[in-house]
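*Asks:* Below is one structure. I have some questions about it.
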Amino acid sequence: MGFLSKLIINGKNQLSVSKNKNLVNEIVNHTLFENHPESNDKNPIQLIGNTQDISYKNVYEERIHQLAFYDSLTSLPNEILFTNRVKDLINTNERFTVFYLDIDQFRNINNVVGRANGDQLLIQFSERIQMILPFSSMLARLSSDEFGIIITDYMDIENPEVMAKTIIDCFNTPLFIKEYELYLNLTIGISIYPSDGSSYEAILNNASSALHRAKSLGSNQYHLYSSKSNINSLKQFELERDLRKSIDNDELVLYFQPRVAVKTGRIIGAEALIRWQHPIWGLVSPGEFIPIAEESGFINNISDWVTEQVCMYMGKWKHEKLELVPISINITSNRFVRSDWKEVLTNSLKNHKVDPSLIEFEITETTLLQHGKVVESAFQYLKQLGIRIALDDFGTGYSSLSHIKDFSIDTIKLDKSFIQQIAHNENVEVIIKSIIFMAKGLHMNIVAEGVETHEQLEFLKQQECSEIQGYLFSEPVPERKF
Ligand code: C2E
Ligand code: CA
Ligand code: CA
């Protein structure tokens, strides 16, 4: 224990330690005040220099080891021990596989269930995974909701992808924490020594970039790092590099996807959806670049650009004497944090003489909870202007309708993952029915997203869902076609 010998007391019970201060504080407090025969609470003895001769050395060494290398919540190995294990395996040139796991939306779950329950969730989460891992593997907690696994024993796993799938599937049954029944989604990145790198940095970086790649594919996804994915890394790299210039270079375009009244089949609105016409990669979908934009903060510029474009088109359509329908704009709650959003919005509305009641802001259920207070006051302002508010991707987060009723939401957009299970999953049908029923009770408009089949439409009609949006009627189309 190298740092024990560096313990020094500076005057009154003050300890100065070169490495882990809290850790050593704890040990010395025990040593001085509880266990040393000549000390008591009032008269701690002064200690200068080497403490290696203490009689409880072994116990403390074990305690120090525990604190230094294990996570105190889950008792799993921590990042240091995890990295050391990777280094050791590389030194002995053993083949092994690293998995990086990330719990999707853990922060939101924490917000909803509370921190103490969130802690319980992490404990149960790690216990459940440990049950399915081969005995010789290591599961470590790397940060709040990131975990790592090292697998060396290839007798027990057919291949890493099967393993990743098994891990994801073991959360098909919920975790029960107090009154909450929680279904967890995970994302997993995988890299293999020696094929994916020869140093511990390379192996860990590649597992991490595989994790990012998996995230861009959606939730409950895994991705195996391999040279094949280098093409994706190159694309990712170039998109990150070029995104900032996309607005100035005039490369962003808006598509519009109609919203249709179920009863009449008429177009009664549309959603503005962004596309990026990249000079090399062609038409890039928002799923690929919105996450990059969110990470860099450029999403705020994009939000402003979309708002301005929608207002510009509204002005143009009005000028061309076309029939106007409300247009909805996707906005992340982050935009409300920087206060200049009001000015940007009112300027766009004014410049193009747009009636605010023809604009709707779509905000996702998950980001709604991230900035609760800011969003609440932003909504009040929007309401005063006459702008409508829709809750996007409803059902993918953890809020219930009663949870969000205080936010004065006009429209609920039922996520396409629900709609696509119509006729396949009776339980989901029951959920859809009850969401439609409750939304009506709260006087909210309800839009079913991702409607692709007549069967789905028929079901929604029976449930008296008011609007649909989906490929069955139309994909998102360029402005002219719209
Ligand atoms: P979203 O807001 O949930 O948009 C609906 C997505 O569902 C669109 O994908 C749309 O093309 C797709 N979709 C519509 N009907 C169907 C269907 O019948 N089947 C299937 N499989 N998909 C359907 P898109 O255009 O790729 O956009 C993806 C996401 O990117 C959007 O999801 C939204 O979250 C984000 N996004 C798009 N434009 C913007 C924007 O201007 N600002 C922001 N912040 N996010 C945007
Ligand atoms: Ca949307
Ligand atoms: Ca949506």
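*Asks:* Between residues in segment 351-362 that are part of a loop (DSSP other than H, G, I, E, B) and residues that are aliphatic (A, V, I, L, M) and away from ligand 2 (no atom under 16 Å from the Cβ), which pairs lie under 7 Å by C-beta distance while being six or more apart or on different chains?
*Replies:* Every condition considered, the pairs that remain are HIS352/MET312; HIS352/MET314; VAL354/MET314.
*Asks:* Moving on to the next point. Residues that are open to solvent by 30 Å² or more (accessible area, probe 1.4 Å), in contact with an Asp or Glu (Cβ under 7 Å, 6 or more places away or on another chain) and at pLDDT 95 or above: does segment 308-322 have at least one?
*Replies:* yes
*Asks:* Follow-up question, since we're still on this one. If the Cβ limit is 6 Å and pairs must be 6+ apart or interchain, which residue in segment 373-396 that is at positive phi pairs with which residue that is near ligand 3 (Cβ under 10 Å from one of its atoms) and in a helix (DSSP H, G or I)?
*Replies:* Correct list of pairs: ASP393/GLU365.
*Asks:* When residues of segment 399-448 are filtered for being without any contact (Cβ under 8 Å) to a residue 12 or more places away in the chain and either in contact with a Pro (Cβ under 6 Å, 6 or more places away or on another chain) or not in a helix (DSSP H, G or I) (or both), how many remain?
*Replies:* So the answer is 5.
*Asks:* Follow-up question, since we're still on this one. Would you say SER339 is within 15 Å of ligand 1 (Cβ to nearest atom), out of contact with any strand residue (DSSP E or B) (no Cβ under 9 Å at 6 or more places or on another chain), farther than 29 Å from GLY395 by Cβ and without any contact (Cβ under 8 Å) to a residue 60 or more places away in the chain?
*Replies:* no
*Asks:* Could I ask something else about it? Scan (1) in contact (Cβ under 8 Å) with a residue 24 or more places away in the chain; (2) within 16 Å of ligand 2 (Cβ to nearest atom) for the single condition TYR471 breaks and write down its number.
*Replies:* Here TYR471 clears every test but (1).
*Asks:* Residue under question is ILE419, and the condition is that it be modelled with pLDDT of 95 or more and open to solvent by less than 70 Å² (accessible area, probe 1.4 Å); does it hold?
*Replies:* Here the answer is yes, as ILE419 does meet what is asked.
*Asks:* Something else about it: How many residues are modelled with pLDDT under 95, open to solvent by less than 40 Å² (accessible area, probe 1.4 Å) and not in a helix (DSSP H, G or I) if we restrict to segment 143-162?
*Replies:* Looking only at that region, the number is 4.
*Asks:* I'd like to verify a number: residues in segment 327-382 that are open to solvent by less than 10 Å² (accessible area, probe 1.4 Å), of a type in the set (S, T, N, Q) and away from ligand 3 (no atom under 16 Å from the Cβ), how many?
*Replies:* Result for segment 327-382: 1.
*Asks:* Here is a follow-up. Among the residues of segment 79-98, are any assigned to a strand (DSSP E or B), under 25 Å from the mean Cα position of the chain (by Cα) and buried (at least 17 other Cβ atoms within 10 Å of the Cβ)?
*Replies:* yes
*Asks:* Could you tell me which residue of segment 270-286 is farthest from ligand 1 (Cβ to nearest atom), considering only residues that are out of contact with any Leu (no Cβ under 9 Å at 6 or more places or on another chain) and under 18 Å from LYS413 (Cα atoms)?
*Replies:* ALA270
*Asks:* Could you list, in sequence order, all residues of segment 106-128 that are under 19 Å from ASN220 (Cα atoms), open to solvent by less than 40 Å² (accessible area, probe 1.4 Å) and in contact (Cβ under 8 Å) with a residue 12 or more places away in the chain?
*Replies:* Once the filter is applied, which keeps residues that are under 19 Å from ASN220 (Cα atoms), open to solvent by less than 40 Å² (accessible area, probe 1.4 Å) and in contact (Cβ under 8 Å) with a residue 12 or more places away in the chain, segment 106-128 yields PHE106, ASN108, ILE109, LEU121, LEU122, PHE125, SER126.
*Asks:* So, of the residues in segment 380-398 that are away from ligand 2 (no atom under 16 Å from the Cβ) and not in a helix (DSSP H, G or I), which turns out to be farthest from ILE431 (Cα to Cα)?
*Replies:* The extreme case among them is GLY386.
*Asks:* Now for a different question. Collect the residues in segment 449-468 that are away from ligand 1 (no atom under 15 Å from the Cβ) and either of a type in the set (Phe, Trp, Tyr) or in contact (Cβ under 8 Å) with a residue 24 or more places away in the chain (or both), keeping them in residue-number order.
*Replies:* Listed by number, the residues that qualify are LYS461, GLN463, GLU464, SER466.
The values are calculated or read from the model by the stated rules, or taken from the named source; none is laboratory data. Bear in mind that the values here come from a model prediction, so they are computed numbers and not experimental data. Ideal geometry is used to build each Cβ from the backbone, glycine not excepted, and the neighbour counts take in all protein chains shown. Heavy atoms of the whole protein, side chains included, go into the accessibility calculation; ligands, DNA and RNA do not. Shrake-Rupley method; radii C 1.70, N 1.55, O 1.52, S 1.80 Å.
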